[in-house]
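The values are calculated or read from the model by the stated rules, or taken from the named source; none is laboratory data. Since the model is a prediction, treat every value here as computed from it, not as a measurement. Here Cβ is always computed from backbone atoms with ideal geometry, including for glycine, and neighbour counts include all displayed protein chains. Surface accessibility is based on the protein's heavy atoms, side chains included, excluding ligands, DNA and RNA. Shrake-Rupley method; radii C 1.70, N 1.55, O 1.52, S 1.80 Å.
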Amino acid sequence: MNVPLLDLKAQYKTIKPEIDAALIRVAESQYFILGPEVEKMEQAMSAYIGCKHAFGVSSGTDALLLALMAIDIKPGDEIILPTFSFFATAGVVARLHAVPVFVDSDKVTFNIDVQQIEKKITARTKAIIPVHLFGQSADMIPIMEIANKHNLKVIEDGAQAIGVHYNDGRQVGTIGDIGCFSFFPSKNLGCFGDGGLVTINNDELAERLKIMRVHGGKPKYYHKVIGGNFRIDAIQAAVLNVKLPYLDRWSAKRRENAALYTKLFIEAGLSEGEGKIVFNAANAVLLPKAVFKNSGHKNYHIYNQYVIRVEKRDELREFLTQKGIGNEVYYPVPFHRQECFAYLKTNDADYPVANGAANDSVALPIYPELTSEQISYVVKTIAEFQKNKRSL
Ligand SMILES: *Cc1c(COP(=O)(O)O)cnc(C)c1O
């Protein structure tokens, strides 16, 4: 049986007539950049996410970069962020000649370890970028408390988490000062190329950011600030206008798939349940858990990635690949170990959780169109590997 990590064609099949009509509509309009499709998308997004302003931008990376530019991050400013995330979270900080300050991750959610933020704050700290990794919210209440106490801005990296609610019901992207999202095709809501979104409640900051999206000129050709070309195309907005109404159904399907994985892993004797660390057992698999360490509240996890932790991860990956099962490591190299950040002179021993996750985590197929047969094949295959491993 073949189980790809992601099957975008399967999704396209389910909405092909609507998508094709939208693409043709843009072709016939010959209106390609910003414009009515983009405005319609932005209105739909701000209604869906529950924020005052939403601006379509060129990518999730540019959403973060633009957000940092809009809050006036300067060379030498320090920005606190998790060491375990996609490269863009740290890359945008360094590109502005600001200093990324890395924090280790929480053992169970893979999100930033809130307990370790405050000791990284100095007189130069300007902002925190919590990442809602793999599709569940970082623990935003304590993060906002720390930010308010020290007068820091909060830029939420929600690239993997559109439609995620925090445990108090608010959606991510509405809690900090600015929310950033990505429509890269492998995210829960993907467009047909690169695209992103910025969400804001503050009117003044929104106005500034909107101007900076098109080089900072207002009126056109008169520049009080320096922006860039951070525009999104009409084609991408048209695709998103078709897809957005399906997003909650797709995320619900991912959650069902995750629940089925949990059930089958427990039945196979490979796990005692979500977040139960039984690494000493020879055949243990650590399943993702939708919960906060501190508050114990349930989290609404939309599983952009379904990441388990296992011993002999690399051998398991080889076995899965042989058996036709897609898998990937997010992320093999935390920021503090990246060559390009060697100049920061971080101490590797400060990041035991991220280092552990880099060594033993693997993402399994979780996309909405996955069948229960495919899911049980994945679990059976992992069980077979674990049995062989034991007899080695
Ligand atoms: C995908 C992603 C980004 C960047 O988004 P792009 O649209 O690919 O530029 C940023 N942060 C995280 C956590 C991501 O997963």
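Remark: the chain carries a charge dipole of roughly 0 debye about the Cα centre, counting +1 on each Lys and Arg Cβ and -1 on each Asp and Glu Cβ. In summary, the lysines within cross-link reach of Lys389, defined as a Cα separation below 18 angstrom excluding same-chain residues under 8 places away, comprise Lys312, Lys323, Lys380. Projecting label points 7 angstrom from Cα along Cα→Cβ for Leu8 and Lys224 puts them 4.0 nm apart.
Short-range pairs are left out: with C-alpha atoms under 8 Å and at least six residues apart, the relative contact order of the chain is 21 percent. For the listed residue pairs Lys119/Lys218; Lys52/Lys126; Lys52/Lys120; Lys16/Lys210, the alpha carbons are over 29 angstrom apart in Lys119/Lys218; Lys52/Lys120; Lys16/Lys210. Please give the FRET efficiency for Asn347 paired with Asn202, using the beta carbon to beta carbon distance and R0 = 56 Å, rounded to the nearest 0.05. After rounding, the FRET efficiency stands at 0.95. Near Ile73, once Lys and Arg are set to +1 and Asp and Glu to -1 for all other residues with Cβ below 14 Å from its Cβ, the sum equals +2. Extension gain, Ile24-Lys149: 0.36 nm per intervening residue step, less the Cα-Cα distance, totals 39.9 nm.
Placing Tyr221, Tyr300, Tyr351 in order of accessible area, with the largest value first and a 1.4 Å probe, yields Tyr221, Tyr300, Tyr351. Along each principal axis, taking the top coordinate minus the bottom one, the Cα set of the chain gives 72, 55, 38 Å in descending order. In summary, the aspartates and glutamates within cross-link reach of Lys13, defined as a Cα separation below 16 angstrom excluding same-chain residues under 8 places away, comprise Glu369. Full extension of the chain between Asp72 and Lys387 gives 107.9 nm of extra length, using 0.36 nm per residue less the Cα-Cα distance. For the chain, carbon and sulfur atoms together expose 54% of the accessible surface, with a 1.4 angstrom probe and every protein chain in place.
Solvent exposure of the chain amounts to 43 Å² per residue of accessible area, where only protein heavy atoms count and the probe is 1.4 Å.
Estimated from the Cβ-Cβ distance and a Förster radius of 35 angstrom, the FRET efficiency linking Cys340 and Glu118 is about 0.85. Per-residue SASA remark: Leu205, around 30 Å² accessible (1.4 Å probe; ligands, DNA and RNA not included).
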